[in-house]
């Protein structure tokens with residue numbers, strides 16, 4: 001990127017992605033009224049380019065085309081060029097990505113869309129090289145073709161844009177005919193399990209063929225299915241996948257943390273970017289599997305994820321950054337690769353040779369002549385892990401001297417909500433107070449910096465002192481999830497109260513009272529050509545899926561039955577999507593299992609939340625995987641809980657003695673007064 005050029009309008013933006021393009025010769029606009037008014041006044045089509053700062057192919061297209069004077073001159077003369085950061089504006093991205101997928105059968109970033117001045121799309125694609133190449137139309141040819149059609153056959157383009165917009169307004173807007181409003185058959189979860197079984201790679205774990213994505217919520221569903229049915233193969237699929245990912249190159253064995261996805265079946269060669277949301281969701285998967293199996297490797301992997309996040313992805317104020325790039329010094333993966341000679345220079349000949357053998361570091365290499373560390377074919381059982389850790393630490397300190405990949409340091413409310421949830425779960429299950437403290441600190445940042453003064457409206461993005469963009473449904477749903485987990489860890493009533501308040505705000509801003517379901521952007525947001533409702537659980541669970549789980553958990557924790565009714569309506573609204581593609585709705589299936597399983601509600605009451613017996617009872621609940629159990633703590637020092645969950649007042653205790661009540665299938669059993677009895681009540685046996 002040359003900074004000898006004059007900056008364009010993007011120089012005034014906060015988005016790292018937009019700032020990366022601020023010195024392009026292209027006369028970029030951010031998405032704005034100004035851009036579309038100029039398109040109307042100058043009678044020009046709009047060239048819309050959507051991406052994000054750590055996107056490898058976005059960088060490639062910038063180098064090939066957007067830094068190119070020839071391409072810039074065509075765009076500047078014949079188009080209004082608009083740049084959008086998909087992570088700041090998921091509403092815009094969702095609409096035009098759906099168009100691209102419908103028109104081309106695939107999607108991805110960079111996303112390239114041509115619009116009329118009234119924002120209606122007439123052509124969409126993803127990456128284009130500058131020149132025609134191997135049967136692929138180049139951007140130069142495409143731009144010239146659009147100019148020709150705009151001048152000679154504009155009515156056809158406008159007619160096409162109207163048809164596309166009308167086609168997408170219906171399914172995206174969930175008109176009446178799209179909503180089946182039917183009950184979901186309870187055996188759907190068995191059908192989903194069967195589909196996962198057939199898609200499972202029994203040799204390397206994961207589902208489907210390359211490229212392979214972690215998609216942790218698939219594993220959440222399988223863990224819950226195993227818990228509900230006792231089907232051991234569901235747990236085997238989870239363990240095989242988590243083991244294989246950890247052993248593969250998708251895990252950074254030197255600095256920790258997971259990359260975005262694997263380009264191959266074996267999890268060896270990652271796409272090297274690291275995303276906050278992947279690491280949050282994967283940490284939860286490893287912790288839950290540790291609870292389910294008791295195997296320490298899963299707890300250790302979660303610890304390593306959190307080590308990476310707290311070291312490299314946490315701002316001084318305690319909030320979490322968004323991502324790290326795949327590239328450094330313009331080369332994909334350069335920061336992460338090693339040769340045997342580099343390792344031996346740091347560790348010495350003998351230790352270096354031993355370390356190279358352990359992590360498959362060879363002269364031949366496994367990625368462009370260098371090596372991605374991995375344990376895919378390694379036998380780790382006989383090695384001295386203290387020796388390996390000592391070597392790893394030396395190599396980590398050496399690697400720190402390299403040029404680091406670019407870090408996208410914007411703070412997104414939604415992704416912070418996921419990491420708050422993960423750290424909260426880590427704090428209570430792994431017994432690490434520092435994880436709980438980190439979750440609380442991040443939450444205080446969000447509530448202090450990303451809430452609009454005056455009306456309390458949650459905002460979506462913070463960077464460089466500026467909070468902006470009315471928060472989307474994901475921001476609300478994921479932050480509520482984080483608050484529920486933080487309540488479950490600390491039992492501080494204010495977290496449960498805040499979860500309820502934000503949940504109510506979300507319903508008011510996003511819920512479709514006529515048809516049901518939650519829109520992606522609020523009724524106070526910019527009204528675009530469509531108002532989507534997303535329920536597909538892709539790289540992340542959808543806002544609708546997470547909100548449904550939140551409704552169920554909050555209903556059980558507070559006694560607000562209206563929230564359970566809302567969850568039931570969610571299942572009906574999205575029943576057609578769910579039954580037609582169960583594998584694409586794994587998190588919604590988790591919610592469905594929660595709603596239809598033998599849920600347990602535990603209320604623990606006593607005089608003081610730090611009472612030894614109360615802590616022992618809480619430990620009983622945390623030692624095991626209990627995905628369908630909710631826990632409420634009602635003690636004299638946490639008396640505010642009664643305002644949030646009035647039913648808690650009914651649970652009496654014998655003097656100052658702690659008592660635990662177990663309720664199941666709408667009936668409560670007699671209280672028990674010690675942790676041994678609670679364990680027997682919950683699990684049918686006493687603690688080991």
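Here, each number is a calculation from the coordinates, and none is a lab measurement. These numbers were taken from a predicted model, which means no experiment stands behind them. All Cβ positions, even for glycine, are placed from backbone atoms using ideal geometry, and neighbour counts span all protein chains on display.
The table that follows gives values for the structure above.
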item: Pair residue 455, residue 363: separation of 7 Å Cα→Cβ label points (nm); result: 6.9
item: For the range 400-463 versus the range 471-513, the gap between their alpha-carbon centres in whole angstrom; result: 15
item: DSSP bridge orientation in the chain - percent antiparallel, rounded to nearest 5; result: 75
item: Radius of gyration and Dmax over the Cα atoms of the range 600-683, both given in Å; result: 11.8, 32
item: The chain: angle of helix 561-573 to the longest principal axis, Cα-based, in degrees nearest 10; result: 40
item: Inter-part distance where the range 1-68 and the range 243-280 are each reduced to a Cα centre, Å; result: 31
item: Rounded FRET efficiency, nearest 0.05, which uses the C-beta distance separating residue 40 from residue 580 and R0 of 45 Å; result: 0.65
item: FRET efficiency, 1/(1 + (r/R0)^6) with R0 41 Å, evaluated for residue 380 and residue 153 via beta carbons; result: 0.05
item: Rounded to 10°, Cα long-axis angle of helix 473-490 versus longest principal axis of the chain; result: 30
item: Helix axis angle, 33-42 relative to the chain longest principal axis, alpha carbon, degrees; result: 20
item: Residue-averaged 222 nm ellipticity for the chain, from DSSP H runs of 4+ at -39500 (n - 2.57), nearest 500; result: -15000 deg cm²/dmol
item: The range 537-612 and the range 198-240: distance between their alpha carbon centers, rounded to Å; result: 21
item: Under the Debye formula (equal points on every Cα, no solvent term), log10 I(q)/I(0) of the range 9-173 at q = 0.11, 0.14, 0.20 Å⁻¹; result: -0.40, -0.67, -1.52
item: Residue 60-residue 141 pseudo-label distance in nm [points 7 Å out on the Cα-to-Cβ vector]; result: 1.7
item: Burial order of peptide ranges 129-140, 202-213, 543-554 (average beta-carbon count within 10 Å, highest first); result: 543-554, 202-213, 129-140
